[in-house]
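Scroll down for the structure; my scribbles are underneath it.
Readers should treat all values here as calculations from the given coordinates under stated rules, not as data from a laboratory. All values derive from a computational prediction rather than experimental measurement. Methodologically, a virtual Cβ is constructed for each residue, glycine included, from the backbone with ideal geometry; neighbour enumeration extends over all protein chains shown.
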Amino acid sequence: MKKLALFASGNGTNVQQITEYFAGNDGIMVDCVIVNRKNIYVIERAKNLCVDCFYFSKEDFYQTDNVLQLLRSRDIDFIVLAGFLWLIPQNLLDAYNHKIINIHPALLPSYGGKGMYGHHVHEAVIASHEKESGITIHYVNEHYDRGSIIFQAKCQIEKGDSAEDLAAKIHNLEKKYYPKIIEQVVLHDSING
């Protein structure tokens, strides 16, 4: 059984979708959720999904091995970012080389980098009068949104679409593809590992 740790910083819709997708899966399970803020709704979602949830401060993440020790103690195989807004520290990048996956709500390399998340991305895409946007699922490295691309899916932007309209289209793509692509990456690793 391959175990996933989901890292989240907010509402947790992706956490819920991924956890529900792998419920009852014979080869992959969501083992825990790691959060970096105390009063966020994803903690409630994790409770409702009966998934252990752990909070770590910025100091824990960047100045200790506490997160890595927890992941090792739980035999975590992959880290999946599900709306997690901090750069991943080097100790985790080293321990989970090519085993940390993220999703970005635009077609990288465009509209990526520090500060480009959520509505900021959709507003920038609309302001630039793009005709399409989409999602990018990629491996995580030491730079925001610059790891190797695993998968992209596109959606059309209609004339008159608002940032909220685009956000809804992107959310549908995330729901449709993110859990499936995670599954493919993990199973491919199992075969080649």
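Brief remarks on what is shown
- Within the range 46-86, tally of residues that are of a type in the set (Gly, Ala, Ser) and either part of a helix (DSSP H, G or I) or closer than 15 Å to Phe22 by Cα (or both): 3
- Single unsatisfied condition, Val30 versus (1) without any contact (Cβ under 8 Å) to a residue 24 or more places away in the chain; (2) crowded, with 18+ Cβ neighbours inside 10 Å: (1)
- Test for Pro89: is it in contact with a Phe, Trp or Tyr (Cβ under 8 Å, 6 or more places away or on another chain) and either β-branched (Val, Ile, Thr) or free of Cβ contacts under 8 Å to residues at least 60 places away in the same chain (or both): yes
- Within the range 118-150, considering residues that are acidic (Asp, Glu) and in contact with a strand residue (DSSP E or B) (Cβ under 9 Å, 6 or more places away or on another chain), the one nearest to Pro89 (Cα to Cα): Asp145
- Residues located in the range 143-190, provided they are outside any loop (DSSP other than H, G, I, E, B), surrounded by fewer than 19 Cβ atoms within 10 Å (Cβ to Cβ) and among the charged types (D, E, K, R): Lys154, Glu164, Asp165, Lys175, Lys176, Lys180, Glu183, Asp189
- The one condition in (1) farther than 15 Å from Pro179 by Cα; (2) outside any loop (DSSP other than H, G, I, E, B); (3) among the polar types (S, T, N, Q) that Asn11 fails to fulfil: (2)
Here's the yes/no breakdown for (1) closer than 20 Å to Val186 by Cα; (2) surrounded by 17 or more Cβ atoms within 10 Å (Cβ to Cβ):
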| site | (1), (2) |
| --- | --- |
| Tyr62 | no, no |
| Arg72 | yes, no |
| Leu85 | no, no |
| Pro89 | no, yes |
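- The set of residues from the range 81-91 being in contact with a helix residue (DSSP H, G or I) (Cβ under 6 Å, 6 or more places away or on another chain) and of a type outside the set (Gly, Ala, Ser) comprises Pro89, Asn91.
- Number of the condition not met by Asn102 [criteria: (1) in contact (Cβ under 8 Å) with a residue 40 or more places away in the chain; (2) assigned to a loop (DSSP other than H, G, I, E, B); (3) of a type in the set (S, T, N, Q)]: (2)
- Condition broken by Gly113, with the remaining ones in (1) buried (at least 16 other Cβ atoms within 10 Å of the Cβ); (2) under 16 Å from the mean Cα position of the chain (by Cα); (3) of a type outside the set (S, T, N, Q); (4) on the phi > 0 side of the Ramachandran plot satisfied: (1)
- Just one of the listed residues (Leu108, Leu93) is part of a helix (DSSP H, G or I) and surrounded by 14 or more Cβ atoms within 10 Å (Cβ to Cβ), and it is Leu93.
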